[in-house]
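Colleague: Here you go, one structure.
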Amino acid sequence: MTSPTSPLPEDTASAIGTTPPTQGATGQTEVIKAAEAATLPTSFGVFKPVGHVMIGVPTQTQLETLVIALHDAGWPDSDVRQFAPREVVAQLQAMVDNAGVLSGAGYEITFLRRYLALAKEGTTWLLVKADDSERASTVGSTAVTCGATIAEYYQMLAVEALIPLAPHGDTL
């Protein structure tokens, strides 16, 4: 029996291997644990990772495929980070609950609530560093080929949907 504090296989770096991400194994990601989630970039107290793409994929297998594809496209381990699957709902819920008063009408809180709803349905999440629109576009197209249902590029004044949403929130 696994103790509650024992890491589950899906809570390891992409669950692809046990090699620490700093050793550069193909397919590794840094896992964003609950304690670290509070240090992610914010605007008015709500999650806003400027210069990053937030990607949601339906399954861990698709996420692992995406991680490998990103590494093959030149992204280093440190620029591809995964929210810990066992903790993601709690992490996102805490971010929503702790959002600043001024975030109520902003788009950042709307996106965060969407991420939370999708996480509750089983979506797994990657946060990928993208220094410019061209790199973000590459991340988005790679994500689509690996089955991602959502990919949003956070810029200073806007968030760009790299995978268009259908009118009712479903991906195309």
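Colleague: Karplus couplings for region 114-121 from phi (6.51 cos²θ - 1.76 cosθ + 1.60, θ = phi - 60°), rounded to Hz, Gly and Pro as x?
Modeller: 5, 4, 4, 4, 5, 4, 5, 8
Colleague: Around Val159, which amide H atoms from residues at least 5 apart in sequence, or from another chain, sit under 5 Å from its own amide H, with H modelled in the peptide plane?
Modeller: It is none; the list stays empty.
Colleague: Normalised by the residues of region 79-162, what does the relative contact order come to in percent, with Cα pairs under 8 Å and at least six apart?
Modeller: 30 percent
Colleague: Could you give each residue of region 135-144 its phi-based ³J(HN,Hα) in whole Hz, using Karplus coefficients 6.51, -1.76, 1.60 with θ = phi - 60°, and x for Gly or Pro?
Modeller: 5, 4, 4, 5, 4, x, 5, 5, 4, 4
Colleague: Here is a further query. Assuming 0.36 nm per residue, please report the length gained on full extension of the stretch Thr59 to Asp131 beyond their Cα-Cα distance.
Modeller: Numbers: separation 72, 0.36 × 72 = 25.92 nm, distance 2.65 nm.
Fully extending the segment from Thr59 to Asp131 adds 23.3 nm.
Colleague: Same structure, new question: Just need the Rg to Rh number for region 66-166, please, alpha carbons only, Kirkwood Rh.
Modeller: 0.96
Colleague: Work out how much length Arg86 to Asp72 would gain on full extension: take 0.36 nm times their residue separation and subtract the Cα-Cα distance, in nm to one decimal.
Modeller: This chain segment gains 2.4 nm when fully extended.
Where a number appears in this text, it was derived from the coordinates with a stated rule and is not lab data. The shown structure was predicted, so the numbers you read here are calculated from the model rather than taken from an experiment.
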